[in-house]
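Below is one structure, written out as structure tokens; the observations come after it.
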Amino acid sequence: MSTPIAPVEQKRKVITAIPGPKSTQIIARRAAAVSASLGMSMPAVIERAAGGILVDVDGNHIIDLGAGIAVVNVGNSAPHVVENVQRQVAEFTHTCFMVAPYLGYIEVCEALNRLTPGKFAKKSVLLNSGAEALENAVKIARSFTKRQAIVVFEHGYHGRTNLTMGMTAKNMPYKDSFGPFTPEIYRMPMAYPYRWEGGAAACEKDALDVVIHKMDKEIGGKNIAAIVIEPIQGEGGFIIPPKGFMPGLAKYAKDNGALFIADEVQTGFARTGQMFASEDENLEPDLITTAKGIAGGLPLAAVTGRADVMDSIHASGLGGTYGGSPVACAAALGAIKTIEEDKLVDRAKKIGAIMSDELYKMKAKHSIIGEVRGRGAMQAIELVIPGGTEPNTAALGKIVKYCQEKGVLILTAGTYSNVIRLIPPLVIPEDLLREGLSILDEAITAVLNESLVSA
């Protein structure tokens, strides 16, 4: 009989330097065994995690403000997820849904069809990753419309496969030297209020017209298969377009017979204070791609959309050996149950209010913060050289290092590598959240005072 695992104490503890001696040894093994192409945000080897805490092999308790890049929205090892996975592993681990179907896959599709915005009949297909979901959404759109052109946006991120690299805006590290990329991808200006020429008011007034003009003149509406956009751009720096921009794009797509695809890989599953970020402006995308927060940490993704569109593909045109793994489906059902039972949509709003309030206080004190932005439990600060809008990448690295040494994990983002993004698990205790934000404030102060200290 296995030994029960003790709960993870929800308290920050810095016992050793980070990385500690055990982590340092294992990271050396990593360097010898694992491709150097993989990055490492936090130099600590994790052995346990729950709530808002990561425990490393040296016993350090680290405040988690990254949630595995918005994956463990329900927290690590959430009870419903663990229970479902353990039961499923004992029953069977794989048949391939296309060979011998199972109930879990169907139940996840039913849940997605129910939860995603749109009053129309919907159907879903399950896959392995966000990039794979985007690949399939584009395949579906091209097949359904009999067109080729795909519209994407500056600062957007959609994945690391060949097609999705072409859709992704930022060259380094995602695209550099990996081309050539798939053709018929057209990149439009993003409504980025902070960096739009003329400022936020001009962005709200002009951005949609600029994009529509470019689509009309450079592509032609009748040639567009789909417009693909993140409701809040994730890797691009948590960029939120002004009200009206997204609905305007959706209308243009509908008027021109194209599909409107919302990439909700990072924004989905209660992250923004709604189950899906598209709900903020009552959008009903033709297709929605999801992954990350869908399954409590297990690999799963989906395309959900209009039933007529999803059924338009020929038999066996979509699929994959591992897509909709029974174990991942069990985890997803546990995660969705957790979100609904524990009212994590409301919890995300509360977390967002706390973070936004504290970040605006920091902005008032620190001239290095150019903008605070976000929605729900998805907040960011953009760092600039004081007195202007020039990106401050040097300060970013120093702030991250300070936080790590103090036992706080934060993530970075942004086309200009100058954005700190905060995406904690939605179950993080409020005191831990506030402590993590306080240490972020300390880090900024230390950087500005040029008096960085070690843990």
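Here is how the numbers come out for the structure above:
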| quantity | calculated |
| --- | --- |
| Condition check for ILE354: in contact (Cβ under 8 Å) with a residue 24 or more places away in the chain, more than 27 Å from GLY156 (Cβ to Cβ) and of a type outside the set (D, E, K, R) | yes |
| Some residue of region 339-351 being closer than 16 Å to ARG421 by Cα, in contact (Cβ under 8 Å) with a residue 12 or more places away in the chain and either touching a strand residue (DSSP E or B) at 6+ places or on another chain (Cβ under 6 Å) or part of a helix (DSSP H, G or I) (or both) | yes |
| Number of the exception - VAL108 against (1) touching a helix residue (DSSP H, G or I) at 6+ places or on another chain (Cβ under 6 Å); (2) surrounded by fewer than 23 Cβ atoms within 10 Å (Cβ to Cβ) | (2) |
| Enumerated helices (runs of 4 or more DSSP H) restricted to region 1-100, each holding at least 1 residues that are charged (D, E, K, R), modelled with pLDDT of 95 or more and under 26 Å from the mean Cα position of the chain (by Cα) | 21-33, 79-91 |
| Residues within region 1-25 that are without any contact (Cβ under 8 Å) to a residue 40 or more places away in the chain, surrounded by 15 or more Cβ atoms within 10 Å (Cβ to Cβ) and not basic (Lys, Arg), tallied | 3 |
| Selected residue (criterion: farthest from the chain's Cα centre (by Cα)) from residues of region 315-325 that are touching a residue at least 40 places away in the same chain (Cβ under 8 Å) and surrounded by fewer than 21 Cβ atoms within 10 Å (Cβ to Cβ) | SER316 |
| For LEU112: the one exception among (1) of a type in the set (A, V, I, L, M); (2) under 24 Å from GLN274 (Cα atoms); (3) not in a helix (DSSP H, G or I) | (3) |
| Filter pass, THR161 being in contact with an Asp or Glu (Cβ under 7 Å, 6 or more places away or on another chain), over 21 Å from ASN256 (Cβ atoms), without any contact (Cβ under 8 Å) to a residue 60 or more places away in the chain and assigned by TED's automatic domain parsing to the domain that holds ILE313 | yes |
| Residue in region 139-151 that is surrounded by fewer than 24 Cβ atoms within 10 Å (Cβ to Cβ), hydrophobic (A, V, I, L, M, F, W, C) and within 17 Å of ALA262 (Cβ to Cβ) present | yes |
| Hits in region 124-161 (condition: more than 25 Å from GLY221 (Cα to Cα) and out of contact with any helix residue (DSSP H, G or I) (no Cβ under 8 Å at 6 or more places or on another chain)) | ASN128, SER129, GLU132 |
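The values are calculated or read from the model by the stated rules, or taken from the named source; none is laboratory data. Every value quoted in this text rests on a predicted model; they were computed, and no experiment measured them. Methodologically, a virtual Cβ is constructed for each residue, glycine included, from the backbone with ideal geometry; neighbour enumeration extends over all protein chains shown.
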